[in-house]
Structures are given as C-alpha cells and as structure tokens.
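The values are calculated or read from the model by the stated rules, or taken from the named source; none is laboratory data. Because the structure is a prediction, the values reported are computed rather than measured. All Cβ positions, glycine included, derive from the backbone under ideal geometry; neighbour counts span all protein chains shown. In case anyone asks, the SASA skips ligands and DNA or RNA and just uses the protein heavy atoms, side chains included. Shrake-Rupley method; radii C 1.70, N 1.55, O 1.52, S 1.80 Å.
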Amino acid sequence: MRSRSATPPTPRRRCGPTAASATPTPIPPPGCGPTQPGQFAYVANSDSGTLTVIDLSTNTARLSIPITPLGRAEMASPTFVAITPNGGFAWATYGMSSTTSVINTSTNLLMASPPTGLDAGGVAISPDGTLAYVLSNSLEGIAVVDTKTNKVTRVAALDPGFYQGLATGT
C-alpha cells in the first residue's frame with residue numbers, strides 16, 4: 001500500500017492587519033468579500049468632505065474616503081450616512097450638493113452619484129435594501145431612489161419647510 005502525503009490546508013487569509021504590520025490595511029485585500037453588516041461604521045466628516053471607515057472589531061479608523069460631489073469640491077460636506085441592510089453600500093448626502101454619493105463598501109470607492117436635489121437633509125434605506133429615501137429640501141420631498149439602477153423613481157411630497165433626518169422601519 002502506497003502512503004499518500006496529505007496536502008496541508010491552505011491558511012485562511014486575514015482581512016485585517018497582519019501580525020507584522022502595525023497599521024491597518026486601508027482596504028480589505030482581494031478575496032475578503034463584502035463588508036458584513038455591523039463590521040464597519042461610516043462617519044460623515046463635514047469639514048473634510050470625507051467618510052471615515054471605523055473597524056468596529058478594533059475601534060480604529062481604517063481610512064478616510066474622499067466623496068466630493070462631482071465637480072463641486074466647495075460643496076464636499078457630507079452630513080448623513082445610511083448603510084444598505086446587506087452592508088454592501090454606504091449612501092451619503094450633502095447639505096449643498098444636488099447628488100447623493102453611493103460608496104461600494106467592499107472597495108470603498110464611489111460607485112454612483114444619483115441626482116437627488118439640493119440641500120439633502122437625510123438618507124434612509126428600505127429594510128429590503130431596494131430603495132433609498134433621500135430627504136431633499138429643494139424638491140420639498142423625499143426622493144425615492146431604486147438602489148439597483150441609482151435612479152430617482154418618484155418624489156414623495158412634503159409640506160414646505162426645512163427638514164433634517166429620516167428613518168425607515170419594518
């Protein structure tokens with residue numbers, strides 16, 4: 001009977017800093033998969049026009065993502081952030097921009113900038129992740145965005161006024 005040598009298992013790849021590295025990796029290496037819900041927090045930094053990614057397992061800032069609205073550097077003041085239920089995308093609104101930024105959380109890159117009206121006061125995602133609701137003071141309503149196409153499908157009208165904050169629930 002011939003003996004077979006067993007192939008050692010491939011070590012599992014870590015998606016964070018290695019033991020030899022004192023600094024966290026800014027973006028998870030390829031093959032680590034999408035961000036899982038509750039693994040990271042995204043913080044809007046109005047003064048710097050960025051989103052800071054916080055690793056909740058270590059309570060450390062991993063990186064800052066510049067999310068300047070296209071062609072509008074002077075308006076790079078993100079104010080509200082919402083994460084899709086699957087953790088795949090972060091949606092950020094701006095006080096003086098006419099777009100909302102959609103960030104792919106597995107790459108931390110800007111993926112889309114749907115036009116949602118000036119002076120957005122908040123953003124929320126439907127429980128099933130198919131719709132984003134962006135509170136738009138210039139549209140005097142809530143822009144309803146299809147998260148697959150990043151297109152506004154309708155505007156739910158509100159009474160005239162200045163609105164801040166928005167939430168959804170089941």
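Some observations on this one:
- When restricted to residues that are at pLDDT 85 or above, within 16 Å of Val152 (Cα to Cα) and surrounded by fewer than 16 Cβ atoms within 10 Å (Cβ to Cβ), the stretch 116-141 contains 1.
- Scanning the stretch 120-133 for residues being β-branched (Val, Ile, Thr) and within 14 Å of the chain's Cα centre (by Cα) gives a total of 2.
- Considering the stretch 89-109, the residues that are open to solvent by 10 Å² or more (accessible area, probe 1.4 Å) and within 15 Å of Lys148 (Cα to Cα) include one that is farthest from the chain's Cα centre (by Cα), namely Asn104.
- Put simply, of Val102, Val145 the only residue that is among the β-branched types (Val, Ile, Thr) and within 16 Å of Ile67 (Cβ to Cβ) is Val102.
- Residues of the stretch 136-156 classified as closer than 13 Å to Ser98 by Cβ, part of a loop (DSSP other than H, G, I, E, B) and without any contact (Cβ under 8 Å) to a residue 40 or more places away in the chain, total: 2
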